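Worksheet: one structure, shown below.
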């Protein structure tokens, strides 16, 4: 009696795909999906405001051309106790609206930069947990899953802090030995961060 498998079964045998620990399984990481969600939220909020703001400005500009001293409350049919808080004349309201739009735009930029810092922190944490020795130039020498299974963790908080709040480009080069981003983009991000402080 032969111990060989029948040729018919061998033809239908499917080879299991090889598992590569460092190859991503998904197209986008959880961190990137969260960042995209925040980015979408900012866009929806800003552009929802923009539609209302532009329509109201259209009405106010038309009224300003007819009567520059027209009361804002009259143009927008505002009533109640808060109507007195609205800038008195449409020309004043248009100025206040422009200031508010500028403030919202700046707030959106600050929010986006903050969300990016959160994203970057999550990604750097994942990389350093996955490949803990990459920061010493010994990438893939120690698989981070071995440490996780042993409930051990190398400290990485200082690297995350430096990359998200310090000299990003220098720390990226120190840890990862290359430049994953355009240096001009990093400079712009660092400039935005200094403006936040």
Could you check how many residues of region 1-32 are in a helix (DSSP H, G or I), exposed (fewer than 12 other Cβ atoms within 10 Å of the Cβ) and either in contact with a strand residue (DSSP E or B) (Cβ under 7 Å, 6 or more places away or on another chain) or modelled with pLDDT of 75 or more (or both)?
1
Those residues of region 132-152 which are in contact with a helix residue (DSSP H, G or I) (Cβ under 6 Å, 6 or more places away or on another chain) and assigned to a loop (DSSP other than H, G, I, E, B) amount to 132
Given (1) under 24 Å from residue 24 (Cβ atoms); (2) modelled with pLDDT under 85; (3) surrounded by fewer than 16 Cβ atoms within 10 Å (Cβ to Cβ); (4) within 20 Å of the chain's Cα centre (by Cα), index of the condition residue 118 fails
(2)
Quick one: which of 52, 86 is surrounded by fewer than 12 Cβ atoms within 10 Å (Cβ to Cβ) and either in contact with a helix residue (DSSP H, G or I) (Cβ under 6 Å, 6 or more places away or on another chain) or within 24 Å of residue 105 (Cα to Cα) (or both)?
52
For region 67-78, indicate whether the set of residues that are without any contact (Cβ under 8 Å) to a residue 12 or more places away in the chain, over 37 Å from the mean Cα position of the chain (by Cα), exposed (fewer than 12 other Cβ atoms within 10 Å of the Cβ) and not in a helix (DSSP H, G or I) is non-empty.
yes
Quick one: what pairs do we get from region 86-109, first residue without any contact (Cβ under 8 Å) to a residue 24 or more places away in the chain, second loosely packed, with under 13 Cβ neighbours inside 10 Å and assigned to a loop (DSSP other than H, G, I, E, B), C-beta under 6 Å, 6+ apart or different chains?
89/69
For residue 136, work out the one condition from (1) surrounded by 14 or more Cβ atoms within 10 Å (Cβ to Cβ); (2) at pLDDT below 90 it doesn't fulfil.
(1)
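The values are calculated or read from the model by the stated rules, or taken from the named source; none is laboratory data. What you see is a predicted model, and the numbers here were worked out from it, not measured in a lab. Glycine gets a Cβ as well: all are built from the backbone with ideal geometry, and neighbour counts include every protein chain shown.
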